[in-house]
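Q: Structure in structure tokens, see below.
Laboratory data are not the source of any read-out in this text; all were calculated from the coordinates shown. Worth saying up front: this structure is predicted, and the values here are computed from it rather than measured. Please note: Cβ atoms are built from the backbone with ideal geometry, for glycine as well, and neighbour counts cover all protein chains shown.
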Amino acid sequence: MARSPAPAASAPIILICGDDDFTLKQRARSLYESWCAELGGMDHEIVDASALNSNEAIQKIDRLLEALNTLPFFGGAKVVWFQNCNFLGEDRTASSAAVVEALGELAEILKKFRWEGIRLIVSASKPDKRRAFYKNFEKLGAVESFAALSQDDKDWTAKAEAEALKFLRESNCKIRDDALSELVNRTGPNLRLLASETEKLILFTLGRPEITLDDVSRIISRQKHARAFALAESLGDRDLTKVLRILDEELWEIRAGVDKKKSEIGLLYGLITKVRTLILLQELIRLGHIKLVRDYNSFKSQLERVPVAGLPNDKRFNPLAYHPFVLFQSLRQTSNYKSEELVKAMATLLDANRNLVSSDLDEAMVLQRALIDIIGFQRQSQRPIKA
């Protein structure tokens, strides 16, 4: 989440905006309740600012002006919350000439408005920063911007973990590190879902001193983000039956158009990343930097002691650039393959990449053949991990 510094208490107006709908609504609600408690009185107003078209948008603006100009019945101060405004961006409604003109006029009114005893909160979806309305808020008061978490953000897991910990602390709950990482891994970069699943987890473990990995595994379902890694995980487990079943499901979703972002080449790249991770972990074990352990905290402590000198700058080949829990999950799988098998697997996946890109071979056949070549028909028994 990216946000500007919190406004000073004396700032008469504030715009809380962005594409992280969940967080900005929480922030706006918290600020509204805080200001109402600070100023006292009973005449505070919440104005619904959601509009379906330009006519409705103009009506909402008129309603805001009416609320600002209606003094409290018993005197004193007043807070107005212009809630869920959806016409400050670049969509059709926001770009209509009538709305642009109305917002421009509103900006001028707010600039000259006498703010004694009046405070205004506007919560809105991502705005067009070029508009006078937005610039006016920057000059008169404050702007807080909340960007939604994204898988493209390399730090999204750390941010999601911080939010989950905040939810848990509010309920006086403790959680083990491995359980926290698995919770975030299963929910993905979705704070609304994370809050909902965390609440479910709190209720499930009510009365117990600490939430464990087993609790998360039992009560939190894997969302779309987590399911995307199922193919690679089954490859790491060296389970041919499971990997072919999951591959069939993934290919069906691609061909049925269930997920437009999925592709055969994307599945292949996920497999390549998995094999590369196993190779990097095996190398760290060979060099004596890490040992096979069952405890997540012990594993993280080992990672923190890995010498940085000599590690590649390219994050694809730097194990310390990976999330610790991703590495920890893969650690137990390193014993499923010999080093030479993983090197051969990379060559097999390279051939598959060439065939997917430059040949007329059926994509399903290419991926199936690669997985069979890597795993083999007889799954190797997993050697026990010594603590």
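Q: Farthest toward the dipole's positive end in the chain, which of 265, 39, 143, given Cβ charges of +1 (Lys, Arg) and -1 (Asp, Glu) about the Cα centre?
A: Among 265, 39, 143, the one farthest towards the positive end of the dipole of the chain is 265.
Q: To continue, here is another question. Just need the relative contact order of the chain here, percent rounded to a whole number, with Cα pairs under 8 Å and 6+ apart.
A: Relative contact order comes out at 15 percent.
Q: OK, next. Can you give the Rg to Rh ratio of the chain, both from alpha-carbon atoms, with Rh computed by the Kirkwood formula?
A: Rounded to two decimals, Rg/Rh equals 1.09.
Q: In whole Hz, with x marking every Gly and Pro, tabulate ³J(HN,Hα) for the range 327-339 from phi via Karplus 6.51 cos²θ - 1.76 cosθ + 1.60, θ = phi - 60°.
A: In residue order, the calculated couplings are 5, 4, 5, 7, 4, 5, 8, 5, 7, 7, 9, 7, 4 Hz.
Q: Three principal axis extents, largest first, for the C-alpha atoms of the range 310-369, in Å?
A: For the range 310-369, the Cα extents along the three principal axes come out at 40, 27, 21 Å.
Q: Would you pull out the residues with amide H under 5 Å of residue 211's amide H, same chain only if 5 or more places away, H placed 1.01 Å from N?
A: Placed amide hydrogens put 174, 175, 176 under 5 Å from residue 211.
Q: Could you tell me the calculated FRET efficiency between residue 362 and residue 318, based on Cβ-Cβ distance and R0 = 30 angstrom, to the nearest 0.05?
A: 0.25
Q: For a footprinting-style exposure proxy, rank 339, 358 by other Cβ within 10 Å, fewest first. The partial results should precede the final answer.
A: Working: 339 14, 358 8.
The fewest-first ordering by Cβ neighbours comes to 358, 339.
Q: Charges only on Cβ, +1 for Lys and Arg, -1 for Asp and Glu: so what's the dipole of the range 228-375 about the Cα centre, in debye to the nearest 20?
A: Working: 21 positive and 20 negative charges, 124 e Å.
Charge dipole of the range 228-375: 600 debye, to the nearest 20.
Q: Separate question: Check which residues have an amide H placed less than 5 Å from residue 47's amide H, if you skip close sequence neighbours.
A: 81, 82, 83
Q: Additional query: Can you run phi through the Karplus equation (6.51, -1.76, 1.60; θ = phi - 60°) for the range 124-136 and list ³J(HN,Hα) in whole Hz, with x for Gly and Pro?
A: 8, 5, 3, x, 8, 6, 7, 6, 4, 4, 5, 4, 5
Q: When only Cα pairs under 8 Å and 6 or more residues apart are kept, what is the percent relative contact order across the range 228-375?
A: Numbers: 124 pairs, mean separation 47.7, N = 148.
With pairs under 8 Å counted, the relative contact order is 32 percent.
Q: Kindly identify the range 45-122 as rounded, prolate or oblate by the Cα gyration tensor criterion: order the square roots of the eigenvalues as a ≥ b ≥ c, call it rounded if a/c is under 1.5, otherwise compare a/b with b/c, prolate if a/b is larger, else oblate.
A: It comes out prolate by the Cα gyration axes.
Q: Quickly estimate the mean residue ellipticity at 222 nm for the chain, helices only: each DSSP H run with n ≥ 4 gives -39500 (n - 2.57), and the total goes over all residues, rounded to 500.
A: -17000 deg cm²/dmol
Q: Sticking with this one: Quick one: which residues, 5+ away or cross-chain, put their amide H under 5 Å from the amide H of residue 148? H built at 1.01 Å from N.
A: 19, 20
Q: Between residue 159 and residue 92, what is the label-to-label distance in nm when each label sits 7 Å out along the Cα-to-Cβ direction?
A: Going by the 7 Å Cα→Cβ label model, 3.1 nm.
Q: Could you derive backbone 3J(HN,Hα) for the range 28-41 from the dihedral phi with the Karplus parameters 6.51, -1.76 and 1.60 (θ = phi - 60°), listing whole Hz in sequence and x where the residue is Gly or Pro?
A: Karplus values, whole Hz, x for Gly and Pro: 5, 5, 5, 5, 4, 5, 5, 5, 4, 5, 5, 8, x, x.
Q: Ignoring solvent entirely, what values of log10 I(q)/I(0) come out of the Debye formula for the range 228-375 at 0.09, 0.19 Å⁻¹ when each Cα is a single scatterer?
A: Debye curve over Cα of the range 228-375, log10 I(q)/I(0) at q = 0.09, 0.19 Å⁻¹: -0.30, -1.14.
Q: Could you check how many percent of all C-alpha pairs in the range 88-164 are farther apart than 18 Å?
A: So the pairs more than 18 Å apart make up 53 percent of the total in the range 88-164.
Q: For residue 283 and residue 351, what is the calculated FRET efficiency with R₀ set at 22 Å and r taken between the beta-carbons, to the nearest 0.05?
A: Between residue 283 and residue 351 the formula returns 0.40.
Q: Can I ask one more? Considering the dipole of the range 156-224 built from charges on the beta carbon (Lys and Arg +1, Asp and Glu -1) around the Cα centre, which of 167, 194, 205 is farthest to its positive end?
A: 194
Q: Could you work out the relative contact order of the range 13-146? I mean the mean sequence separation of Cα pairs under 8 Å and 6+ apart, divided by the number of residues, in percent.
A: Relative contact order for the range 13-146 comes out at 40 percent.
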